[in-house]
Structure formats: structure tokens, C-alpha cells
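The block underneath contains the structure these notes are about, expressed in C-alpha cells.
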Amino acid sequence: GALLKGFTKLLSKETEIPVFLADDPLTCVARGTGHALEEMDKLADVLITNEGPGFKH
């Protein structure tokens, strides 16, 4: 949605929260996922898994 013209302004207006567009919105999710995979040991406590209480198969 970040590439939709006027979307960041609309989202900011409707939520009353500042919204910033990523420098490279086409690849930011892929790059972020790559960083997360490289740092899995450091992120283990905050990652959501399919195990534990509340998870339903």
C-alpha cells in the first residue's frame, strides 16, 4: 500500500499517528526479513511461533 498515491497522508490523518514511507518500499520487507533471519538468536524472545498456549492447530 505504500506506493499508493496519497496513502501515507490518508493513513496518518485517519489514525492521527505519524506515517513515514520507507526509502525503498519495494524491497524493505525482504530486507527486513533477511535481517531477522540473520539475527534469529537475538530475536527469539520476540518472534511469534506456532507453539505454546493459545496456538490452535
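Taken as a whole, the structure leaves Lys5 outside the set of residues that are of a type in the set (D, E, K, R) and surrounded by 10 or more Cβ atoms within 10 Å (Cβ to Cβ).
For segment 25-48, the candidate set comprises residues that are of a type in the set (Val, Ile, Thr) and in a loop (DSSP other than H, G, I, E, B); within that set, the residue that is surrounded by the most Cβ atoms within 10 Å (Cβ to Cβ) is Thr27.
It is to be established whether one or more residues within segment 21-34 are on the phi < 0 side of the Ramachandran plot, modelled with pLDDT of 90 or more and either over 16 Å from the mean Cα position of the chain (by Cα) or polar (S, T, N, Q) (or both). Yes: segment 21-34 contains one or more residues that are on the phi < 0 side of the Ramachandran plot, modelled with pLDDT of 90 or more and either over 16 Å from the mean Cα position of the chain (by Cα) or polar (S, T, N, Q) (or both).
With respect to Ile17, is the statement that it is surrounded by fewer than 10 Cβ atoms within 10 Å (Cβ to Cβ), part of a loop (DSSP other than H, G, I, E, B), out of contact with any Pro (no Cβ under 7 Å at 6 or more places or on another chain) and modelled with pLDDT under 90 true? Judged against the criteria, Ile17 is not a match.
The values are calculated or read from the model by the stated rules, or taken from the named source; none is laboratory data. These figures come from a predicted structure and were not determined experimentally. So basically every Cβ, Gly included, is an ideal-geometry build from the backbone, and we count neighbours across all protein chains shown.
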